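First comes the structure, then the notes that go with it.
The values are calculated or read from the model by the stated rules, or taken from the named source; none is laboratory data. Small disclaimer: the values here were computed from a predicted structure and weren't measured. All Cβ positions, glycine included, derive from the backbone under ideal geometry; neighbour counts span all protein chains shown. Heads up: the accessible areas ignore ligands, DNA and RNA and are worked out on the full protein's heavy atoms, side chains in. Shrake-Rupley method; radii C 1.70, N 1.55, O 1.52, S 1.80 Å.
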Amino acid sequence: MDSADPERVTRFVRQEVGRYLAGHPEDRYPASLVGELARLGALGATVPAEFGGGGWSRRQVAVLGYELGRAWQPLAGLVGTHLKLCRLVLEHGTPEQRGDWLGPMARGAAVFARAYHEQGLGDPAGLRTRAVRRGPVGVLSGRKNWVTNARDADRVLAVARSGASAVGVLVDPGRPGVTVGPELPRPGMLGVSLAEITFDDYEFDPEREVLGGWGHDLTGALRRHDVTSYAARAVGSADAVVEHALGFVRATLSERTPEARGAVRLRAGELVTRLAVMRAVWEALLEPAAAEAPFDPAAAAEAPGRIDSATAKVFCTEALQEIVRVAAVLCGGAGYAAPDGVLGRHYRDALALVIVGAPNDVLLSRLGGQALGVG
């Protein structure tokens, strides 16, 4: 792994991701891109230097999400999931687990997935997946929906109920008792694996292969929704879409009727206005006093007088839906179906951002409850 340099990562993403997409199917796992991002240190962005990572600042991590979202949302989802797991291992792992895993994770030698979501459940207290002890052996049973990186992860952190706790089992997907289902059909987000995983009496070491040790409770971490990365990804996508749409319109404006040119100016104004507000919200989330501090989701969520990540995620991902819609109307069929595929790809991928991480309806319900003073 090279010395971590956020600027080198930005140059690589801007120069190479579009070139990769021009020559590879969109639904193929981008192994070469992931390998180069690992070499450049992006997969260790949230890992401290003492464990072999880059120890990037909060702003630098957010800019990484922005650049990946600007280039290709599936790659942003793949890397974002891995970085989220790096933080969980750092914050909750035993000293041995941090020593065993953070270095390989930072180098990209071990890419992680998280198996948490179960359809119809929004809180870790209701999980149906169970982890129990049978003498010296732990046993995991249950099914998880919508696992990002499901097919390509070296380890899967499976979250399960164990008594009153939500525990994270470090699963080796190559061992017996793990079944990765077929790829889930969806209109976008095709380059990253998304599938169900079933655990059928999967056996594990209850001390070494449970994050933090047997009985260590992850409930608080799972309920703390830091969704900064999704706001960053939405702003990145919006930037790419607006840049593409304005470039297309400039090149074709002379071919349009005078009446159409007036409508085009109006729609272009809508795009740049929405994008400007999205950027302002994102900058408020990354206000300068905290921007260069080490990444700390809890501190970011609790700092007074600042927009919180839930509000920013909801606003930016919803604003992106309008931006891609207006851009598609503005460019018409020739722009939407252009050979480079930029607008069509962002259009298809944008919808996923309102439902990934913490879905917007869940965040809005929580924000509404806080405003009303009700649970």
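Could you work out the relative contact order of the range 309-375? I mean the mean sequence separation of Cα pairs under 8 Å and 6+ apart, divided by the number of residues, in percent. All intermediate terms of the calculation are to be shown ahead of the outcome.
Numbers: 32 pairs, mean separation 26.5, N = 67.
This gives 40 percent for the range 309-375.
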Checklist entry - With no solvent and one point per C-alpha, what does the Debye sum give as log10 I(q)/I(0) for the range 91-179 at q = 0.24 Å⁻¹? => result -1.35
Checklist entry - Helix 73-92: angle to the longest alpha-carbon principal axis of the chain, degrees 0 to 90, nearest 10? => result 30 degrees
Next on the checklist: Rounded to the nearest percent, how much of the accessible area of the range 102-199 (1.4 Å probe, protein heavy atoms only) is carbon and sulfur?
Outcome noted: 54 percent
Next on the checklist: Whole angstrom only: what separates the Cα centroid of the range 169-201 from the Cα centroid of the range 74-122?
Outcome noted: 15 Å
Item to check | Principal-axis tilt of helix 228-252 within the chain, Cα atoms, nearest 10 degrees | outcome: 20 degrees
Item to check | For the chain, projected area of the alpha-carbon convex hull averaged over all directions, nm² | outcome: 19.4 nm²
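In terms of the ratio Rg/(2.2 N^0.38 Å) built on C-alpha atoms, what value belongs to the range 202-243?
On the way: Rg = 18.3 Å, N = 42, 2.2 N^0.38 = 9.1 Å.
Dividing the Cα Rg of the range 202-243 by 2.2 N^0.38 Å gives 2.01.
Expressed in nm to one decimal, what extension gain is obtained for the pair V272 and R223 from 0.36 nm per residue of sequence separation less their Cα-Cα distance? Please report the intermediate quantities before stating the final value.
Working: separation 49, 0.36 × 49 = 17.64 nm, distance 3.49 nm.
That works out to 14.1 nm of additional length.
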Item to check | Value of relative contact order over the chain, rounded to a whole percent, pairs C-alpha under 8 Å and six or more apart | outcome: 17 percent
Checklist outcome for this item: So the FRET efficiency between D361 and A263, C-beta based with R0 = 22 Å and rounded to 0.05, is 0.10
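Would you list D152, D361, D239 from the most to the least accessible area, probe 1.4 Å?
D361, D152, D239
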Checklist entry - For the range 316-325, what does the Karplus curve 6.51 cos²θ - 1.76 cosθ + 1.60, with θ = phi - 60°, yield as ³J(HN,Hα) per residue in whole Hz, taken in order and with x for Gly and Pro? => result 5, 6, 6, 4, 4, 4, 5, 5, 5, 5
Item to check | Cα-projected label distance for T179 with E7, points at 7 Å along beta-carbon direction, nm | outcome: 5.3 nm
Item to check | In degrees, nearest ten, helix 6-23 long axis to first principal axis of the chain (Cα) | outcome: 70 degrees
Checklist entry - When the Karplus curve 6.51 cos²θ - 1.76 cosθ + 1.60 is applied with θ = phi - 60°, which whole-Hz ³J(HN,Hα) does each residue of the range 266-283 get, with x for Gly and Pro? => result 4, 5, 4, x, 4, 4, 5, 5, 4, 5, 4, 5, 4, 4, 5, 5, 5, 5
Item to check | Inter-site label distance for R256 and A49 at 7 Å from Cα along Cβ, in nm | outcome: 5.1 nm
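Where only protein heavy atoms count, and the probe is 1.4 Å, what is the accessible area per residue for the chain in Å²? Intermediate results must be reported in sequence, preceding the final value.
Details: 16150 Å² over 375 residues.
Result: 43 Å² of accessible area for each residue.
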Checklist entry - Sequence-distant or interchain residues sharing an amide H contact under 5 Å with M189, placed H: which? => result D349
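Quick check on the chain: of the DSSP beta bridges with both residues there, what percent are antiparallel, nearest 5%? Walk me through the numbers before you get to the answer.
Values: 26 of 31 bridges.
Antiparallel bridges make up about 85 percent of those DSSP assigns within the chain.
When 1/r is averaged over all different Cα pairs and the result inverted, which Kirkwood radius in Å belongs to the range 210-273?
On the way: mean 1/r = 0.0641 Å⁻¹.
The Cα-based Kirkwood calculation yields 15.6 Å.
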Item to check | Cβ-Cβ FRET estimate between R279 and D205, R0 fixed at 51 Å, reported to 0.05 | outcome: 0.60
